[in-house]
Amino acid sequence: MQDLQAGEALRSRVTVSIGVTGHRADNAAFAANRARIEKALDEILALIERTISAEGLSAGTVAPTRMHSMLADGTDQAAAKTALAHGWELVSPLPFGHTLNTAINAQPTDAGDARALLAGHTPADPATQARAEAIRALSSRARIFELADQDDAVTLLYMAKLEAPNDFTKAQLFAAESSERVALASRVVIEQSDIILAVWDGVTTEFAGGTGHTIAAALDMGAPVVWIDAKNPETWRILRAPEAIASIYSDPLSAVMRAEIEALVREALRNTGTKKHGRHRDGEADDAAALDRERWRARSNPIWHAYRRVEVLFGADMVAQRFRRLRQSYETPGAIATGSAAGLLACARAMPGQDEAFVSNMEASVLRRFAWFDGVSSRLSDSYRGGMVINFLLAPFAIGGGLAYLPFGTAEEKWIFALAELALLAAIIGLTALGHTRRWHGRWFQTRRVAEYFRHAPILLLLGVARAPGRWPRGVDASWPESFARQALREIGLPRVAITQTYLRMALSGLLDEHAVRQRDYHISKARRLAAAHRNLDRCSSLLFVLAVMSVAVYLLLRTGGAFRIWPPQTSEHVSYIFTFLGVLLPTFGGAVAGIRYFGDFERFSAISEVTAEKLDAVHSRIRLLLSGPDSAIDYGRVSNLAYTTDEIVVSEIENWQAVFGGKHITVPV
């Protein structure tokens, strides 16, 4: 994937990701039905495995199925063991650092045993030691993502609770803090998974971090949930919306549930666009097969620079900039690591405890893809927008060419000018047909969406943040860009790292803030340039219409003077042809300029960029406030929320500009 010259080299392996949540071993319903619950889990996981195998995808295109489990005793461990038995990859987002997580989930009742576990020693209670060993055994076979940033504070609360077992306040403080940490880890599980398996007794969804709460959160984020009733484990139901919780017992079990689980798995498999999902408005299949025909080119083509020339000619601040050379050299996928992404990668590698293999994989799978899609999309943007601007400019030349015989030729020579007009009209039709045939509009939209998803992705990946299944936008013209980006990011998954406060501080200052400021400054400059372009294009078209009025007035004056013999009629008639010609040509060019202004929608794009810049500046201010505080104030919840906010701003900007250009297909300028 060094150069990614062809789209087929971009393909990632299909990764089906399953998340699990459920009751602990001491839950009454789980304890009473443990064997039946484990059997149900095994049946569902086996059904998922059979469905994947039945798709017949080649070994090189399918990664091992991934199980996300927090490894608590009970449901989490049962599902993890079954997943490992099936040869799946086990990934464990932990709500605490590994040592503290083991100590808490070993459930010691004695403060001395807790201190022993925290120190890496053997506790006195054999049952506590057995629970700790079960967690350690599974952890050794898993990729661990540890939310360790609040371990010091949680440890103090935990020990305070154990040392004062009758102090209800201390127990409440620990329960509140630990529940919040578990809820954060549960969110990571949901975001990283295509399907959530949940073993739940249906009692409550109010306990933060609990099974019911996690199910409600998953449904709210659009993740489908396979619910196993802890009281009756043979009962499976598919929950797809938050409202489904209200009617979980209303529908009897049916054989349809198995088919629905198979459908969920097939949907996850097809997120790469390897299967066709229908056809969009341009008639091409809505899948990623179009990538196989895309080719990355190193430089832009000056033939298609018309739109960008208009933008700088009317929007640049300095005269010298208006006539500067516009040809672009696109950054190659192989050069991005030492080029524009060098600072990001250096910061990522400097973060404490960083997973070097993860960073290298991110560079190869995300940054190189970004460079590829960014270059292809920029070229397609030039072709589509430049082609439309050329059409707008050819139209007045065609009209002018047809009328130019009046001042510059004779009636007998009119056919020459008519031939020139025909050639220019044919060029417009040919260019329009070329734009439709090559789908410049649709291909630009689709590749730009993928590029923008990848632009911000490294920051999200390094923080273990992802878009939940139901939070991805849906394109009107095609859905494969979102599926393609989601699957590429899903293949990478979570880093093997302990998130600490130092890690978060570096992510805030060196990654997220740098990105927000860079994008903010870009949009400020863009908004100013586009506003100037709109204003100057408006002035230009108005000036051309004023000149047209003046030409018509001069023509009438000349004809009137000739009629009253103020000057020779022959002279006025000959000169009046020039003004007749200008009276037609000038408003035609004025209309073309107004058409370019309408097509480019510079004013609306300026407003979109201005709003985006304001939002990003607000994120920057929030980041600076957080960084100005003590390390204890920097926690995963706050930092990840800032990452989500920035991601939402980026995606919202994409949706806004695509909504503006969505209906503006290349066409004849009429």
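Numbers at a glance
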{"quantity": "Two-site FRET efficiency, residue 577 against residue 415, from Cβ-Cβ distance with R₀ of 25 Å, rounded to 0.05", "calculated": "0.90"}
{"quantity": "Residue-normalised accessible area of the range 33-181, given per residue in Å² at a 1.4 Å probe", "calculated": "41"}
{"quantity": "Neighbour cut-off at most 13 other Cβ (10 Å), DSSP loop, chymotrypsin sites (Phe, Trp or Tyr not before Pro), the range 106-176", "calculated": "none"}
{"quantity": "Residues residue 422 and residue 327, FRET efficiency given R0 of 35 Å [Cβ-Cβ distance, rounded to 0.05]", "calculated": "0.65"}
{"quantity": "Heavy-atom accessible area per residue - the range 562-633, 1.4 Å, Å²", "calculated": "53"}
{"quantity": "Label-point separation in nm, residue 565 to residue 248, each point 7 Å along Cα→Cβ", "calculated": "10.5"}
{"quantity": "The range 558-604 shape via C-alpha gyration tensor axes, a/c threshold 1.5", "calculated": "prolate"}
{"quantity": "Two-site FRET efficiency, residue 433 against residue 262, from Cβ-Cβ distance with R₀ of 41 Å, rounded to 0.05", "calculated": "0.40"}
{"quantity": "Shape of the range 2-137, Cα gyration tensor, a/c cut at 1.5", "calculated": "oblate"}
{"quantity": "Heavy-atom accessible surface of the range 389-538: percent carbon and sulfur, 1.4 Å", "calculated": "62"}
{"quantity": "Angle between the chain longest axis and helix 34-54 axis [Cα atoms, degrees, rounded to 10]", "calculated": "30"}
{"quantity": "Proportion of all alpha-carbon pairs of the range 195-251 beyond 13 Å (%)", "calculated": "53"}
{"quantity": "Cα long-axis angle, helix 256-269 against the chain (0 to 90 degrees, to the nearest 10)", "calculated": "60"}
{"quantity": "Apportionment of accessible area to carbon and sulfur, the range 106-192, percent (1.4 Å)", "calculated": "55"}
{"quantity": "Potential extension, residue 509-residue 119 segment - 0.36 nm per residue separation minus Cα distance", "calculated": "137.1 nm"}
{"quantity": "The range 595-670-the range 433-494 distance, computed between alpha-carbon centres (Å)", "calculated": "16"}
{"quantity": "Length released on extending from residue 604 to residue 173, taking residue separation times 0.36 nm less the Cα-Cα span", "calculated": "150.1 nm"}
{"quantity": "Acute angle (nearest 10 degrees) that the helix 168-191 long axis makes with the longest principal axis of the chain, alpha-carbon atoms", "calculated": "50"}
{"quantity": "The chain: antiparallel DSSP beta bridges as a percent of all, rounded to 5", "calculated": "20"}
{"quantity": "222 nm mean residue ellipticity, helices alone, for the chain (DSSP H n ≥ 4; -39,500 (n - 2.57); rounded to 500)", "calculated": "-20000 deg cm²/dmol"}
{"quantity": "Potential lengthening between residue 553 and residue 338 on full extension [0.36 nm per residue; Cα-Cα distance subtracted]", "calculated": "71.1 nm"}
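The values are calculated or read from the model by the stated rules, or taken from the named source; none is laboratory data. Given the structure is predicted, the values throughout are model-derived calculations rather than measurements. Every residue, glycine as well, gets a Cβ built from its backbone with ideal geometry; the counts of neighbours run over all protein chains shown. Side chains are part of the model used for accessible areas, which takes the heavy atoms of the whole protein and leaves out ligands, DNA and RNA. Shrake-Rupley method; radii C 1.70, N 1.55, O 1.52, S 1.80 Å.
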